[in-house]
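Read the structure below first, then the notes.
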Amino acid sequence: MAHTEQLDEQSAIALLRWYADMGVDEAVGTAPADLYSWGSPAPETTTAPQVSTLKNQPPATPVFKADTEIVSTDEAIEKAKRAAMACESYEALEAAIDAFEDCPLKAGAKNTVFADGVPGADLLVIGEGPGRDEDRLGKPFVGRAGQLLDRMLAAIGRDRTENTLISNVVYWRPPGNRTPTQAETAVCRPFVDRLIELTAPKAIVLAGGAPMQALLGITGIMRARGTWREIETPDGARYPALPIFHPAFLLRQPANKRLAWADLQALEAKLRES
Ligand code: URA
């Protein structure tokens, strides 16, 4: 893209918004670079390349100077475990997540999105990850999907202001609203586990395939929804967990609301058990 014309303010803002939505999270140069004009890499040679052969070739490896130390996924998971295990309250957990610098998603997000609702509620809903509205407001499930989730919960007498806690398997918006990767969910997992331990809910709802895969290690929401399973936390406690369709999926495919309603009724029955 070799744009040289001046953009007016509105167009520049629209372009920046589009970049942000597409997941662009870092400026690596002050001028646009046309990667296609660089051609294919030079063939390997044992003699020192002449200056002329380097013309029109890309620089060998771009060097980016990181502001923070980059750690491996395993190290990041260990750091998250240590940070999460030290938390004895929601406030401490929220502060620990906010201070955590080793999830790569954080660099591209405006806000840390921790949880919303009633601490200690007997129902914990865990979604996939913040979207654009959640990133902007720093709260989970506040966009259109969140509004549908609220209506679904209301249908069984549940409300995040009274008796439900809502969170996600990652705490920062994945660029362009993509599904979080396994590495990203693995790094956040110790915090999710600690949130479950501190909440000790009667039931956990996994809203969508991503939280189901991250916390139960299974795929295929179409088959797995509506069947109770268990999540075991590091302290050895076990919690009933119900995968359901993600509300964003139901917005796209409303015919599946019938199945979602059956799942909500199963949830209500579980919550009524003594
Ligand atoms: N979708 C999710 O899974 N989580 C949110 O917080 C918002 C939308």
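Summary of computed values
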read-out	value
Top-ranked residue in segment 188-219 [being within 11 Å of the chain's Cα centre (by Cα) and open to solvent by less than 10 Å² (accessible area, probe 1.4 Å); ranked as nearest to the ligand (Cβ to nearest atom)]	PRO211
Some residue of segment 230-239 being part of a strand (DSSP E or B), under 20 Å from LYS202 (Cα atoms) and open to solvent by less than 60 Å² (accessible area, probe 1.4 Å)	yes
Some residue of segment 164-187 being over 15 Å from the mean Cα position of the chain (by Cα), at pLDDT 95 or above and more than 12 Å from the ligand (Cβ to nearest atom)	yes
Test: residue in segment 107-118 that is in contact with a Gly (Cβ under 7 Å, 6 or more places away or on another chain), more than 28 Å from GLU69 (Cβ to Cβ) and open to solvent by less than 10 Å² (accessible area, probe 1.4 Å)	no
Among (1) away from the ligand (no atom under 11 Å from the Cβ); (2) in contact with a strand residue (DSSP E or B) (Cβ under 9 Å, 6 or more places away or on another chain); (3) farther than 29 Å from ALA269 by Cβ, the one test that GLU134 misses	(1)
Odd one out for ARG194, checked against (1) in contact with a Leu (Cβ under 7 Å, 6 or more places away or on another chain); (2) over 28 Å from VAL71 (Cβ atoms); (3) not in a strand (DSSP E or B)	(2)
Scan of segment 260-274 for residues that are part of a helix (DSSP H, G or I) and over 25 Å from the mean Cα position of the chain (by Cα), ordered by number	TRP261, ALA262, GLN265, ALA266, GLU268, ALA269, LYS270, LEU271, ARG272
Some residue of segment 240-247 being part of a helix (DSSP H, G or I), within 16 Å of the ligand (Cβ to nearest atom), of a type outside the set (Val, Ile, Thr) and open to solvent by 60 Å² or more (accessible area, probe 1.4 Å)	no
Subset of segment 197-220 (residues that are among the charged types (D, E, K, R) and part of a helix (DSSP H, G or I))	GLU197
Check on VAL71, at pLDDT below 95, closer than 22 Å to VAL187 by Cβ and not charged (D, E, K, R)	yes
Residue in segment 119-126 that is near the ligand (Cβ under 9 Å from one of its atoms), outside any strand (DSSP E or B), open to solvent by 10 Å² or more (accessible area, probe 1.4 Å) and within 27 Å of ARG272 (Cβ to Cβ) present	no
Filtered residues of segment 139-153 (kept if open to solvent by 20 Å² or more (accessible area, probe 1.4 Å), within 11 Å of the ligand (Cβ to nearest atom) and under 13 Å from GLY117 (Cα atoms))	LYS139, VAL142
Check on ARG178, within 30 Å of TRP18 (Cβ to Cβ), basic (Lys, Arg) and either touching a strand residue (DSSP E or B) at 6+ places or on another chain (Cβ under 6 Å) or open to solvent by 30 Å² or more (accessible area, probe 1.4 Å) (or both)	yes
Total residues in segment 158-190, condition within 24 Å of LEU271 (Cα to Cα) and assigned to a helix (DSSP H, G or I)	0
Hits in segment 143-185 (condition: free of Cβ contacts under 8 Å to residues at least 12 places away in the same chain and touching an Asp or Glu at 6+ places or on another chain (Cβ under 9 Å))	ASP150, ASP159
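The values are calculated or read from the model by the stated rules, or taken from the named source; none is laboratory data. Since the structure is predicted, the reported quantities are computational estimates derived from the model, not experimental observations. With ideal geometry, Cβ positions are generated from the backbone for all residues, glycine too; neighbour counts draw on all protein chains shown. Just the protein is used for accessible areas: all its heavy atoms, side chains included, with ligands, DNA and RNA removed. Shrake-Rupley method; radii C 1.70, N 1.55, O 1.52, S 1.80 Å.
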